[in-house]
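Following: one structure in structure tokens, then a few remarks.
The values are calculated or read from the model by the stated rules, or taken from the named source; none is laboratory data. Just so it is clear, the model here is predicted, and its values are computed rather than measured. Here Cβ is always computed from backbone atoms with ideal geometry, including for glycine, and neighbour counts include all displayed protein chains. To get the accessible areas, we keep the full protein, side chains included, count just its heavy atoms, and leave off ligands, DNA and RNA. Shrake-Rupley method; radii C 1.70, N 1.55, O 1.52, S 1.80 Å.
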Amino acid sequence: MFATFKNSVFAAAASCVALPLAAAEVNVYSYRQPELIKPLTDAFTAETGIEVNVAYLEKGMIERLEAEGARSPADVILTVDISRLAAVVDAGFTQPVASETLLSNVPEIYRDPDGHWFGLTTRARIVYASKDRVAEGEVTTYEDLADPKWQGRICTRSGTHAYNVALTSAVLEHHGEAFTKTWLEGVKSNLARKPQGNDRAQVKAIWAGECDISVGNTYYMGKMLSDDEQKAWADSVNVIFPTFENGGTHVNVSGVAMVKSAPNQDEALQFMEFLTSPKAQEIYAKANFEYPIAEGTKADPLVEGWGSFTPDSVNLMTLAGQRDAAIKLIETVDFDG
Ligand code: FE
């Protein structure tokens, strides 16, 4: 890669004429959008002088890492969802990172026990409930979504989307296979329409009177409120934090990992540590209405206004381990059919 080549030229030159090490850099492959990442990389470069080159990908990160092999310029990957983090780790493209800073900034349940990935922000998977048609206290648990009282009243995106797979994995972890199958069948029979669209499309359907509750991630409330057309959708619903009967509210993460073949390991580590610092955490969380996870950090006031909740305490790697079983059950009950 050109950037790496340029770097080595600088390094060679520095050894004989003592040029300053001006070309320090870190290369990032990101599934997260530029508007979220740019403020962070700018702040990091301002603080350290290290350039950050970001390749924004929509898909195919694993295939790209595979094709590039040990010559990949990638140092760090940024993505959302435990299943995507676990997939990169399982494919063998990450390396364990030992850092006191990362260990102390990132709570244990939001990082890989072996140090292959670290969570940066969380988002809860919650219920959006019609202000007009759902009474306060009418929905309090995930288990309750299978109750016949919701017949014809629930909207959701595809059962096989990563967000719903992770939620189903959590049901599996709490209740086992037989219960989860019955739960999926119950939720399916309560749907107002076949699963379709994204999380925001379900809130639109509530606004339009097609259903009364939907399942979605918290940050979409902030995104809808910031959009002229979607604000009315958001205004038609309350944010409800359900819990498991024997646990808390289901959360997922955005996270970071160091690539196994990272050519700039020192810079990569500095960047990862920076991302978990309270300052960067608040910039990052605010940009997408997520929750920062470092001790002593606060979410945006708008996000805090939705209320507080107790996150489920299951380590996300445990959920990743249930992923295949969850997908199998979702397909067995033909959830999207
Ligand atoms: Fe999303």
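With one equal scatterer per alpha carbon and no solvent term, the Debye-computed log10 I(q)/I(0) for region 111-155 at 0.17, 0.21, 0.31, 0.34 1/Å reads -0.62, -0.76, -1.32, -1.38. Taking amide H positions as modeled 1.01 Å from N, with prolines and chain starts lacking one, the residues under 5 Å from residue 237 and 5 or more places away or on another chain are 131. Across 304, 25, 173, mean-square fluctuation computed from a Gaussian network of the chain (C-alpha pairs under 10 Å connected) peaks at 304. If only the Cβ of Lys and Arg carry +1 and only the Cβ of Asp and Glu carry -1, the dipole of the chain around its Cα centre is close to 600 debye.
Put the Cα centre of region 257-287 next to the Cα centre of region 99-146 and the gap is 21 Å. What residue among 249, 101, 122 has the largest mean-square fluctuation in a Gaussian network model of the chain, using Cα springs under 10 Å? Between 249, 101, 122, it is 101 that shows the largest mean-square fluctuation.
With every protein chain left in place, what is the accessible area per residue of the chain in square angstrom, probe 1.4 Å?
Values: 14720 Å² over 337 residues.
Computed with neighbouring chains in place, this is 44 Å² per residue.
Computed packing ranks the peptides 234-244, 133-143 as 234-244, 133-143, most packed first, by mean other Cβ atoms within 10 Å.
Among 87, 280, 205, the residue with the largest mean-square fluctuation in a Gaussian network model of the chain, with springs joining Cα atoms closer than 10 Å, is 87.
Each Lys and Arg Cβ is given +1 and each Asp and Glu Cβ -1; about its Cα centre, region 48-88 then shows a dipole of about 60 debye. In the chain the Cα-Cα distances spread across 20 Å bins starting at 0 as 30, 54, 15, 2 percent of all pairs. For residue 175, the accessible area of its heavy atoms, probed at 1.4 Å with every protein chain present, is near 50 square angstrom. Here residue 233 sits with roughly 20 square angstrom of accessible surface, probe radius 1.4 Å.
Ranking 292, 319, 201 by how far each Cα lies toward the positive end of the dipole of the chain (charges on Cβ) leaves 201 at the top.
Fully extending the segment from residue 318 to residue 144 would add 60.3 nm, taking 0.36 nm per residue of separation and subtracting the current Cα-Cα distance.
Starting from the exponent 0.38 and prefactor 2.2 Å, build the expected Rg for region 293-337 from its residue count and divide its actual Cα Rg by it. Intermediate values should be presented prior to the final figure.
Details: Rg = 16.6 Å, N = 45, 2.2 N^0.38 = 9.3 Å.
Region 293-337 yields a ratio of 1.78.
How large is log10 I(q)/I(0) at q = 0.19 Å⁻¹ when the Debye formula is applied to the Cα atoms of region 25-174, each weighted equally and without solvent? Debye output, listed in q order: -1.28.
Could you please state how large a percent of the accessible area of the chain is carbon and sulfur, counting protein chains only and using a 1.4 Å probe? Could you put the intermediate results ahead of the total?
Working: 7570 of 14720 Å².
C and S fraction of accessible area: 51 percent.
According to the square roots a ≥ b ≥ c of the eigenvalues of the Cα gyration tensor, what is the shape class of region 161-262, taking rounded for a/c under 1.5, prolate for a/b larger than b/c otherwise, and oblate for the remainder? Note, shape of region 161-262 comes out oblate. Dividing the summed helix terms, -39500 (n - 2.57) for each DSSP H run of n ≥ 4, by the number of residues in the chain produces a 222 nm estimate of -12500 deg cm²/dmol to the nearest 500. 3J(HN,Hα) along region 198-209, derived from phi through the Karplus expression 6.51 cos²θ - 1.76 cosθ + 1.60 where θ = phi - 60°, amounts to 9, 4, 5, 4, 6, 5, 4, 5, 5, 4, 7, x Hz, with x in place of Gly and Pro. My understanding is that a pair violates if its Cα-Cα distance is over 20 Å; which of 131/204; 223/286; 59/286; 59/204; 131/181; 38/223 do that in this structure? Beyond 20 Å: 59/286; 59/204; 131/181. Each Lys and Arg adds +1 at its Cβ and each Asp and Glu adds -1 at its Cβ; summed about the Cα centre, region 223-321 shows a dipole of about 140 debye.
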